[in-house]
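Scroll down for the structure; my scribbles are underneath it.
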Amino acid sequence: YWRTWWFISLALLLVCCLLYAVHRYRLAQSLKLERLRTKIASDLHDEVGSSLTKISIYSELAQTELTEKEKANYLNSIGGLSREVVNTMSDIVWSIDNNNDSLHELINRMKDFATEVLHARNIDFEFTLHKAESNKVLDPVLRQNIYLIFKEAINNIVKHSKANKVNVFITSHPHFELQIADNGIGLPAQQSQSGNGLRNMNRRAVAIGGKISFASKSGTTITLTLT
């Protein structure tokens with residue numbers, strides 16, 4: 001039967017299908033890599049480039065004839081911006097490292113950041129996982145945006161909420177959901193509409209095809225859902 005025309009045709013069809021599948025896989029990997037490169041370039045330009053420009057301007061101003069107090073203010077600004085650049089570069093390097101591509105590694109980084117920031121302000125922190133597939137592999141862009149949304153939320157809590165307790169809930173079944181709740185004063189009406197941090201979180205959620213909601217009742221609850 002292996003000499004019949006229909007067997008030979010099926011074998012050729014199978015080979016063609018396998019070659020096409022390999023081609024599609026390679027194409028998908030190339031597109032994924034290109035998107036990652038574009039994302040890195042955008043982050044470096046928007047965040048690192050902007051901070052470096054400010055550092056350059058402040059350093060030039062600090063060399064002019066100013067009072068000691070004004071020079072000290074510029075130097076403090078340079079120090080703060082330098083730390084921001086280091087943190088941003090650390091986030092970018094972490095997001096593209098293949099050793100960090102699992103949900104488990106994302107959760108560990110989130111815990112480390114929250115512990116460092118919240119404990120310094122004497123804010124209690126509780127992390128709850130429910131049906132979270134820790135070995136699930138995440139796309140680098142997806143992983144980075146989830147982390148940066150979480151980071152923005154924690155920073156907002158520290159700066160504005162006056163909270164003393166934060167609860168974080170994560171599940172990946174039936175879909176990924178991240179919920180960050182605090183017991184602070186809630187979101188002011190003007191901040192819920194125009195706050196830069198909230199706009200950044202919304203933008204990042206849209207970029208990964210997710211939905212983010214903000215509820216202000218007995219504190220603030222931020223929920224990110226990916227379907």
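In order along the stretch 104-112, the phi-based Karplus estimate (6.51 cos²θ - 1.76 cosθ + 1.60, θ = phi - 60°) of 3J(HN,Hα) comes to 4, 5, 4, 4, 4, 5, 4, 4, 4 Hz; Gly and Pro are listed as x. When the charge dipole of the stretch 80-223 is built from unit charges on Cβ atoms (+1 for Lys and Arg, -1 for Asp and Glu) and taken about the Cα centre, the candidate among SER161, ASN135, HIS175 whose Cα reaches farthest toward its positive end is SER161. Considering only THR128, THR67, THR53, the Gaussian network model of the chain with Cα springs below 10 Å gives its largest mean-square fluctuation to THR67. If you take all other residues with their beta carbon under 11 Å from the beta carbon of PRO140, and give Lys and Arg +1 and Asp and Glu -1, the sum is +2. Using a Gaussian network model of the chain whose springs link C-alpha atoms within less than 10 Å, name the residue from LEU178, LEU129, LEU106 with the highest mean-square fluctuation. Comparing LEU178, LEU129, LEU106 in a Gaussian network model of the chain, the most mobile one is LEU129.
Our helix-only sum for the chain, with -39,500 (n - 2.57) per DSSP H run of n ≥ 4 divided by its residues, gives a mean residue ellipticity at 222 nm of -20500 deg cm²/dmol. Of the trypsin sites (Lys or Arg not before Pro) found in the stretch 22-125, those in coil by DSSP whose Cβ has at most 16 other Cβ atoms within 10 Å are ARG121. Close amide H contacts of VAL166 (hydrogens built in the peptide plane, cut-off under 5 Å, sequence separation of 5 or more or a different chain): ASP124, PHE125, GLU126. Past 28 Å, Cα to Cα, is the threshold; run LYS131/LYS165; LYS39/LYS69; LYS39/LYS111; LYS54/LYS165 against it and keep the listed order. LYS39/LYS69; LYS54/LYS165, as the Cα separations exceed 28 Å there. Please give me the summed charge of the neighbours of LEU18: other residues whose Cβ is under 14 Å from its Cβ, Lys and Arg +1, Asp and Glu -1. Net of charged neighbours comes to +2. Across the stretch 51-66, rounded Karplus estimates of 3J(HN,Hα) from the backbone phi angles (6.51 cos²θ - 1.76 cosθ + 1.60, θ = phi - 60°) give 5, 5, 4, 5, 4, 4, 5, 5, 5, 5, 5, 5, 8, 7, 7, 10 Hz, Gly and Pro being marked x. Enter the angle in degrees (range 0 to 90, nearest 10) between the Cα long axis of helix 5-43 and the first principal axis of the Cα atoms of the chain, meaning the one along which they spread out most. The angle comes out near 10 degrees. Electrostatic bookkeeping for VAL85 treats Lys and Arg as +1 and Asp and Glu as -1; over the other residues with beta carbon under 14 Å from its beta carbon, the sum is -3. Excluding the sites themselves, what is the longest stretch of the chain that contains no GluC sites (Glu not before Pro) in a DSSP loop with at most 15 other C-beta atoms within 10 Å? With GluC sites (Glu not before Pro) excluded where exposed in loops, the chain gives 134-227 as its longest stretch. Close amide H pairs (under 5 Å, H built 1.01 Å from N) link LEU138 with SER102, LEU103, residues at least 5 positions away or on another chain. Going through (i) 13.5; (ii) 15.8; (iii) 18.0, the figure that equals mean projected area of the Cα convex hull in nm² as computed for the structure here is (iii). Separation of the stretch 131-176 from the stretch 39-110 is 22 Å, based on Cα centroids. Residue by residue, the stretch 200-212 carries 3J(HN,Hα) couplings of 4, 5, 4, 4, 5, 5, 5, 4, 10, x, x, 9, 10 Hz when phi is fed to the Karplus relation 6.51 cos²θ - 1.76 cosθ + 1.60 (θ = phi - 60°); x denotes Gly or Pro.
Every number in this text was worked out from the coordinates using simple rules, so none of it is lab data. Since the model is a prediction, treat every value here as computed from it, not as a measurement. Cβ: placed from backbone, ideal geometry, glycine included. Neighbour counts: every protein chain shown.
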